[in-house]
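First up is the structure itself, then whatever we jot down about it.
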Protein chains: 2
Amino acid sequence: MNDVLVVGAGLAGLTAAEALVAAGATVTVLEARPRVGGRTELMDFEGAPFDLGAQWIGPTQHRMNALAKRFGMASFKTFHEGERRMWMGGKMRRWKGRIPNLSPVELVEMQLSVWKLDRLADKVPVEAPWTMDDALALDHRSLASWRDAQLHTRRARDLFDISVRTVLGVEPAEVSALWFLFYMRSGENYLSHTEIDGGSQESRLVDGAGAFAQRLAQGLDGHIVLDAPVRAIAQTDDGVVVSTDRGEHRARYVALCVPPSLLPLVRFDPAPEPARARLWGRMPMGATVKVTAVYERAFWREQGVAGELVSDEGPVSYVVDSSSHDGKVASLLCFVVGRHARTWSMTPKAERLDQVRAQLGKWFGAPGGKPRAMVEKDWAEDPWTGGCPVCNPVPTTLSVEGSFLRKPMGRVHFAGTETATAWAGYMEGAVQSGERAAAEIQARLRARA
Amino acid sequence: MNDVLVVGAGLAGLTAAEALVAAGATVTVLEARPRVGGRTELMDFEGAPFDLGAQWIGPTQHRMNALAKRFGMASFKTFHEGERRMWMGGKMRRWKGRIPNLSPVELVEMQLSVWKLDRLADKVPVEAPWTMDDALALDHRSLASWRDAQLHTRRARDLFDISVRTVLGVEPAEVSALWFLFYMRSGENYLSHTEIDGGSQESRLVDGAGAFAQRLAQGLDGHIVLDAPVRAIAQTDDGVVVSTDRGEHRARYVALCVPPSLLPLVRFDPAPEPARARLWGRMPMGATVKVTAVYERAFWREQGVAGELVSDEGPVSYVVDSSSHDGKVASLLCFVVGRHARTWSMTPKAERLDQVRAQLGKWFGAPGGKPRAMVEKDWAEDPWTGGCPVCNPVPTTLSVEGSFLRKPMGRVHFAGTETATAWAGYMEGAVQSGERAAAEIQARLRARA
């Protein structure tokens, strides 16, 4: 019998397993997929590492920066020098520097609303947003309704929507103001989520962010069982029996390091409390498709263009230069997010890629429309996540059932980026949650010893 | 090999099975629970039938009225003669007849908003709400936001919220205006859902509505396998293999007659399309608890009081006389709904029943606070529904993924009250959906023969 079974070999699970092994516990990691990494995934494109999932780290994501240092993983700044672009209302706006090419009214309105948002977000207790003053009212208000009260110009609203789609994979109508405020605060503030310089998109890894999980897994050699989806978890007075497609495993404790939206698929004995089951059924995964257009050369750079663009028109809402660190494999990464991502799989593959090429051609000139290759990853097609980047509770959920996010269920503890209080939804949050769950279980193992 | 496997022995499944058997098909019904009936359930209380689930039928629910006639199930009118009551803002309002004791401003505002709602609902094509003009905008707007634009007095808003909670088991913030409009229209209009006279609460069955499923099941003797939760469904070119806790079953076609929120628990091979999987993950079940307070006598009737009451204060939002047809077992049925139902299971049983008794005492005088028995049914504790009365799509879902509600998946067809176009969410809708799914499958069986 193991001390601990860790379910899920994403960054949360691998972090938890490493900490527990380091503390002397016997640990087995059970992973449903044939690979580690969860919502990070590395693909080799002609020798260049492509991140099909999470790819950036920001300066205040201290755990990820420390991990990069520890593994000797070199980072480099996300390229966005030169002219930036915005496709709004069928017209292109261009600018350089930090201040977008918008009317003074639009700019003032956006600035004021960001201040207001950040002031409100500052009040969110990240450990327990449901205890905040007005938590109930803010959780009964959709983010769309909050937006409409703050922003009155069409452009400002559209830009806000694009940022919500891109950061959370949802439409503002799908989430509550409370969840959004918590999410912003769990990073730092609104700009920390949306900016490249100083924000969560600041840096990339030369080897790809997918290498984090691979390095962690190397240190856990022999502890990880792949292709072992967990079907049932039964608890007794002495321990836990976890049934997988690769047999039964026993342990004293379990760390469940998977997205909450997948937990209804596991048969628990005893059954979860009604409120906990409801939480799991009310946190659908966001919708994100990454389409990478690969070019012979980074032609935009040669023209003094950043390769960064936001669009109010689908399918692509956000484009960013995603070339390899040395620029040898030149690419523009296109984000199809929110409702555009949800119709993506309903459009035939050739047609949807044509749509992206047409957008790139319109936005970056003829060469933009002729990538030499396109790589698409629709996370909704991966049944072991069902989307990306994060599970978002539907309105009214965080205030009522939120306290079950991290509350252990007997011998079962919970991790995963959704349970984080720092950078929830990011790799940083996954690692933080894995550390916390490991510490919870270690304390119980020590108390027992 | 069967012609058809029906999954779920609620009213949808039993109706489908009966129609298919009548058409000469070989049919087996697989039911997860040890009983038939789904969201209807009969309990014997000292010889009186108690409906723990659905209990009323309305005059335009033609299928249910026909079924009652066919089975010789006598009906009787819901008792609500005499003084009606409203507990709002900590005060009691009393009135007789149809017009509530509200200020002229509040009454006019409510009447206008109901007209407006019904005019809008009239435009919803119940077969495909997602094709409606403004479908996208209406689905991106929460019902709470729609309410705030229509209703400006506190009382009118509170009364609207109570009706939404009671009819759908949700808070207005949880659903979109589009879903609510569809739901209203699938009945007839707003009042058809909320009224006793002429509405969906008009009549009860002497033997209890739970008897419908029992009678249908009697006619399917030998066809029903209980305690057989379906774990996996695999499709081949020739047919379908359904794996249950009571063995494998094979058939040409499957009718899946269970709530959409439970479908993620089934392992499908091939996997559902991403959009379909997303639909299933975005329709959480509403929250409804029924608490029946049983008294020695219907003391309220003796005082000329209807026993009907709405309250803006939880846990109980709605009370209605639910005595047996002969009045011998006198009871007041208390609905704990929406967010009050979601915190119900987090409150210790003794405490929550005390809360209900305190409300009943405050509202109906000392005898109200002293029921001789209380029967509670929290549908969230039943893992084979997870709530009641209906799965409600979260905002933005109906417009994007709605078309997958009834769309067959290879050899698998879908029924259940959520897939109905008439009285979705009610017994009537369940039966309509069962008839439709049976007709779809019959057509394929005939084409094959």
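Taken together, the values in this text are just the output of simple stated rules run on the coordinates, not laboratory data. All of these numbers come straight from a predicted model, not from anything done at the bench. Virtual Cβ from ideal backbone geometry, glycine too; neighbours counted across all protein chains shown.
Against the main long axis of the alpha-carbon atoms of chain B, helix B:349-364 sits at an angle near 50°. Only one residue of B:156, B:175, B:135 has its Cα farthest out toward the positive end of the dipole of the stretch B:104-189, where Lys and Arg carry +1 and Asp and Glu -1 on Cβ, and that residue is B:156. Taking every Cα-Cα distance in the stretch B:358-449 and sorting them into 10 Å bins starting at zero, the pair-distance distribution P(r) comes out as 14, 28, 25, 16, 11, 5, 1 percent. Remark: the protein assembly as shown carries a charge dipole of roughly 580 debye about the Cα centre, counting +1 on each Lys and Arg Cβ and -1 on each Asp and Glu Cβ.
Using only alpha-carbon positions in the stretch A:10-123, the gyration tensor eigenvalues give semi-axes of 39, 21, 14 Å once each is multiplied by 5 and square-rooted (largest first). Projected over every direction and averaged, the convex hull enclosing the alpha-carbon atoms of the stretch A:65-113 yields 5.7 nm². This model, with +1 at the C-beta of Lys and Arg and -1 at the C-beta of Asp and Glu, gives chain A a dipole about its Cα centre of some 340 debye. Sorted from nearest, the other copies put their residue B:247 label points 3.0 nm away, the label point being 7 Å from Cα in the direction of Cβ. Secondary structure note: in the protein assembly as shown, about 70% of the DSSP beta bridges are antiparallel.
When Rg and Dmax are taken over the Cα atoms of the protein assembly as shown, they come to 28.2, 89 Å. Entry note, the stretch A:255-336: relative contact order of 27 percent, from Cα contacts under 8 Å with a spacing of 6+ residues.
Comparing A:344, A:95, A:384 in a Gaussian network model of chain A, where Cα atoms under 10 Å apart are tied by springs, the biggest mean-square fluctuation is seen for A:95.
Within the listed set B:136, B:265, B:405, the residue fluctuating most in the Gaussian network model of chain B (springs between alpha-carbon atoms under 10 angstrom) is B:265. Applied to the stretch A:248-254, the Karplus parametrisation 6.51 cos²θ - 1.76 cosθ + 1.60 on θ = phi - 60° returns per-residue 3J(HN,Hα) values of 8, 10, 10, 6, 7, 9, 10 Hz, with x for Gly and Pro. With bins 5 Å wide beginning at 0, the percent of Cα pairs of the stretch B:336-377 falling in each bin runs 6, 22, 29, 25, 15, 3. Here is how the number arises for chain B: DSSP H runs of 4 or more residues each give -39500 (n - 2.57), the sum is divided by the residue count, and the result at 222 nm is -10000 deg cm²/dmol. Could you check the simple spin-label distance between residue B:358 and residue B:95, using points 7 Å along Cα→Cβ, in nm with one decimal? It works out to 2.9 nm between the two label points. Summary value for the stretch B:104-189: 43 percent relative contact order, contacts being C-alpha pairs under 8 angstrom separated by 6+ residues. Taken about its Cα centre, the stretch B:129-187 carries a charge dipole of roughly 240 debye when the Cβ of each Lys and Arg holds +1 and the Cβ of each Asp and Glu holds -1. Between this copy and the others, label points of residue B:366 are 9.5 nm apart in ascending order, each placed 7 angstrom from Cα in the Cβ direction. One compactness figure for the stretch B:231-309 is 1.92, namely its Cα radius of gyration divided by 2.2 N^0.38 Å. Computed from backbone phi, the HN-Hα couplings of the stretch B:433-438 come to 5, x, 4, 5, 4, 4 Hz, rounded to whole numbers (Karplus: 6.51 cos²θ - 1.76 cosθ + 1.60, θ = phi - 60°; Gly and Pro given as x). Expressed as a whole number of Å, what is the distance separating the alpha-carbon centroids of the stretch A:231-280 and the stretch B:1-62? Cα centres, the stretch B:1-62 to the stretch A:231-280: 31 Å.
Each of B:355, B:294, B:307 was scored by the projection of its Cα onto the charge dipole of the stretch B:289-418, and the greatest displacement toward the positive side belongs to B:294; charges sit on the C-beta of Lys, Arg, Asp and Glu. A simple rule links phi to the HN-Hα coupling: the Karplus curve 6.51 cos²θ - 1.76 cosθ + 1.60 with θ = phi - 60°, which for the stretch B:105-116 gives 4, 5, 5, 5, 4, 5, 5, 5, 5, 5, 4, 4 Hz, with x for Gly and Pro.
Note on the stretch B:122-250: semi-axes of the ellipsoid equivalent to its C-alpha gyration tensor, largest first and rounded to whole Å, are 38, 23, 14. Under 5 Å from the amide H of residue B:323 lie the amide H atoms of B:331, each residue being 5 or more positions distant or on a separate chain, with H modelled from the backbone and absent for Pro and chain starts. Under the criterion of Cα pairs below 8 Å and six or more residues apart, the relative contact order for chain A equals 25 percent. Placing a label point 7 Å from Cα along the Cα-to-Cβ axis, residue A:133 is separated from the same position in the other copies by 4.5 nm, shortest listed first.
Over every Cα atom in chain A, the radius of gyration and the widest Cα-Cα span, Dmax, amount to 21.8, 68 Å.
Measuring between alpha carbons in the structure, the pairs from B:91/B:349; A:407/B:290; A:349/A:377; A:328/A:349 lying more than 20 angstrom apart are B:91/B:349; A:407/B:290; A:328/A:349. Within the stretch A:103-194, all pairs of alpha-carbon atoms sorted by distance into 10 Å bins from zero give the percentages 17, 54, 26, 3. Between residue A:303 and residue A:44, full extension at 0.36 nm per residue minus the direct alpha carbon distance yields a gain of 90.4 nm.
Which is farthest toward the positive dipole end of chain B among B:332, B:76, B:400, measuring Cα position about the Cα centre, with Cβ charges +1 (Lys, Arg) and -1 (Asp, Glu)? Towards the positive end, the residue furthest out is B:332. For residue A:171, the residues whose amide H sits under 5 Å from its own are A:339, ignoring neighbours fewer than 5 places away on the same chain, with H placed 1.01 Å from N. Proximity of backbone amide H atoms, modeled 1.01 Å from N, is registered between residue B:305 and B:83 at under 5 Å, excluding neighbours fewer than 5 places apart on the same chain.
Computed with the Debye formula from one identical point scatterer per Cα of the stretch B:166-317, without solvent, the log10 of I(q)/I(0) at q = 0.09, 0.15, 0.16 Å⁻¹ comes to -0.51, -1.15, -1.22. Bridges between two residues of chain A, per DSSP, are antiparallel at a rate of about 70%.
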